[in-house]
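What follows is one structure encoded as structure tokens, with my remarks underneath.
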Amino acid sequence: MSLLSIANLRRSFVSPDGERKTIVDVPSFSLEAGQQLALRGESGSGKTTFLHLIAGILAADSGSIQISGRDMAALGEPARDRLRAESIGYIFQTFNLLQGYTCLENVLLGMAFGGSADQTRATTMLERVGLGHRLHHRPRQLSTGQQQRVAVARALANRPKLVLADEPTGNLDHKNGREALALIRETCRENGAALLLVSHDPQVLAAFESVRDFAGLNEAMKEAVS
């Protein structure tokens, strides 16, 4: 059984002029445990919405999202939050760090949603990403690259089975972006986590052995250009 298995997944939104538009229409998609896959997609292709559906941040209109045999799409919001905290690590392009908290506190708060705020584990993860000397710094005291490293540590601290990364190098310069990508992939391998990354950056995509076009998966995109 695949770690992630999606069938007939649909999500639509109502536009400002009142028209309902389908953004995601994915008949089938799967990801194996430990697999690392990049999805190529331009802005507006629905790829962020796709990740949000997998993570349970958004509710699907229809379809199923099986994660280790549990259907994220069939759960209510509190149960989706629990499944996400237990099984998924999410690395956002904008980092989504809490500015009033230290690096260590940001990681611990992320872990607390999964029911286990282990300070030793949080410290170890920050040391692993090269921030052992910045445990008590707040995000505004860090460089952009260092903030992304905190986000990586937070996403992986609970040993998730699946890591989702949405344009994780989009706010970084080339050097920091290359280092962040290598860190994400290596840390996922060390933790046995599958990685699903979406990007439109050719240099990011070139680093992956497995790359798929999101437009090829998403029937909504095919309809939009037909």
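A few notes on this one:
For every residue, the table says whether it meets (1) under 19 Å from ALA55 (Cα atoms); (2) among the β-branched types (Val, Ile, Thr).
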residue: GLN141; (1), (2): no, no
residue: VAL163; (1), (2): yes, yes
residue: ASP173; (1), (2): no, no
residue: ALA182; (1), (2): no, no
residue: GLU186; (1), (2): no, no
residue: ALA194; (1), (2): yes, no
residue: GLU209; (1), (2): no, no
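- Restricting the stretch 1-14 to residues that are closer than 20 Å to GLY56 by Cα and either without any contact (Cβ under 8 Å) to a residue 12 or more places away in the chain or hydrophobic (A, V, I, L, M, F, W, C) (or both), the residue that is surrounded by the fewest Cβ atoms within 10 Å (Cβ to Cβ) is VAL14.
- ASN158 in contact (Cβ under 8 Å) with a residue 40 or more places away in the chain, farther than 24 Å from SER43 by Cα and among the polar types (S, T, N, Q): yes
- Against the numbered list (1) more than 19 Å from THR48 (Cβ to Cβ); (2) surrounded by fewer than 19 Cβ atoms within 10 Å (Cβ to Cβ), ASN96 comes up short only at (1).
- At least 1 residues being of a type in the set (Ser, Thr, Tyr) and over 19 Å from VAL204 (Cβ atoms) is the threshold, and among the helices (runs of 4 or more DSSP H) wholly inside the stretch 28-119 those reaching it are 47-55, 77-87.
- Residue that is nearest to the chain's Cα centre (by Cα), among those in the stretch 15-73 that are basic (Lys, Arg) and crowded, with 19+ Cβ neighbours inside 10 Å: LYS47
- Among residues of the stretch 42-70 that are under 17 Å from TYR90 (Cα atoms), those with a beta-carbon under 9 Å from a residue that is in a loop (DSSP other than H, G, I, E, B) and acidic (Asp, Glu) at least six positions away or on a different chain give the pairs LYS47/GLU167; THR48/GLU167.
- Enumeration of residues in the stretch 157-189 that are assigned to a helix (DSSP H, G or I) and modelled with pLDDT of 90 or more: LEU181, ALA182, ILE184, ARG185, GLU186, CYS188, ARG189
- Across the stretch 193-226, the qualifying residues are those that are among the charged types (D, E, K, R) and in contact with an Asp or Glu (Cβ under 9 Å, 6 or more places away or on another chain), and the one among them that is modelled with the lowest pLDDT is GLU223.
- Yes/no for ARG11 being in contact with a strand residue (DSSP E or B) (Cβ under 9 Å, 6 or more places away or on another chain) and either part of a helix (DSSP H, G or I) or among the charged types (D, E, K, R) (or both): yes
The values are calculated or read from the model by the stated rules, or taken from the named source; none is laboratory data. As the structure is a prediction and not an experimental result, all values here were calculated from the model. Methodologically, a virtual Cβ is constructed for each residue, glycine included, from the backbone with ideal geometry; neighbour enumeration extends over all protein chains shown.
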